[in-house]
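Here is the structure we will look at.
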Amino acid sequence: MKSRFRPGACRAMVLFAVIALCPAAHASSDDTALTSLIALVSQRLALAEPVARLKWASQQPVNEPQRTASLLAEVNRRAKANNVDPAFAREFFQDQIEANHSLQQALFNTWRSTPPQEAPAPASSARTQAQLEQLTSPLLVSLSRLQGLRATADCPSRVAAGIANWKSLTRYDTRYTEALSQALSHVCQTGGVGAIG
C-alpha cells in the first residue's frame, strides 16, 4: 500500500500549514514556531519510506549506529550556534531517528511477506540523504524559537493541539500518527504529548 503522504508535496504543505494555522494576529510566536516544527518533523518522517526502500534494496539494516552517531555529533556541534541547548537538541534528534526507524521497521515487516514492487533509482540514495540533511538546520532554528514554550504548564496540550491541527489541514496518513507523537515526545520539558481538551 502506497503512502498518501508524499515527500514531493511536503514543501507546499509546510507553507500552507504555517499560513493556515497562524492567520490571526493574536497567534503567539510559540504557536507559529510549533506549527513550523510539526511541519518539518512530518516532512522528515515522510522520508522514512524512500529510506526504507533503499535499505531494503541494498540489504542494509534499519538501524545504522554509525550514521546515527554521526548525525547526533553534528547536531551537538551545531546546537550552540543556533542557541539551542545541546542536550535538548540531541534528545530531540534521537526521537526523530527512533520514530523514523519505527516506520522503516514496519515497512520491512510488511515487505517480508509482500516485497515492494518499485526499486529505487541509483541516484535516490544521495538525493534522499541530502533531503534529510537539509532539514537539520530549519529543525534547529525551530527548536531555538520554542525554548520559551518548553517549560510552560500547557506545553503538552499545545503540542497535541498543534498535531491535531496539522492532521486536519493535510492529507495525513494515519500510519504516521504514532511516529509523529514519538518524534515530538521531548519538545516539552515534562515529556510526552498531552491530551486535547
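Computed over the range 37-87, the convex hull of the alpha-carbon atoms projects to a mean area of 4.4 nm².
Calculated accessible area for the range 102-197 comes out at 52 Å² per residue, all protein chains present (probe 1.4 Å; ligands, DNA, RNA ignored).
The label point for R127 and the one for L169, both projected 7 Å from the Cα toward the Cβ, are 2.8 nm apart. Qualifying GluC sites (Glu not before Pro) in the range 114-197, where qualification requires a DSSP coil assignment and no more than 13 other C-beta atoms within 10 Å, comprise E118.
Only the Cβ atoms of Lys and Arg (+1) and of Asp and Glu (-1) were treated as charged; on that basis the dipole of the range 47-197 about its Cα centre amounts to roughly 200 debye.
Whenever you get a sec, line up R171, R53 from highest to lowest accessible area (probe 1.4 Å, protein heavy atoms). Mind showing how you got there, number by number?
Working: R171 170, R53 45 Å².
Final ranking, largest accessible area leading: R171, R53.
Share of carbon and sulfur in the accessible area of the range 80-196 stands at 51%, probe radius 1.4 Å.
Note on the range 39-197: Cα convex hull, mean projected area over all directions, 9.9 nm². Evaluated on the range 68-108, the Kirkwood hydrodynamic radius is 10.7 Å, with distances taken between all distinct Cα atoms. For the range 129-197, the equivalent ellipsoid derived from the Cα gyration tensor has semi-axes of 20, 18, 10 Å, listed largest first. Residue separation of E64 and Q189 scaled by 0.36 nm, minus their Cα-Cα distance, works out to 42.2 nm of gained length.
Can you tell me how much longer the chain between E118 and T152 gets when fully stretched, taken as 0.36 nm per residue apart minus their C-alpha distance, in nm with one decimal? Write down the numbers at each step before the final one.
Working: separation 34, 0.36 × 34 = 12.24 nm, distance 4.61 nm.
Once the chain is fully extended between E118 and T152, it gains 7.6 nm.
The values are calculated or read from the model by the stated rules, or taken from the named source; none is laboratory data. This is a predicted model, so every value here is computed, not measured. FYI the Cβ positions are ideal-geometry reconstructions off the backbone, even for glycines, and counts take in every protein chain you see. In case anyone asks, the SASA skips ligands and DNA or RNA and just uses the protein heavy atoms, side chains included. Shrake-Rupley method; radii C 1.70, N 1.55, O 1.52, S 1.80 Å.
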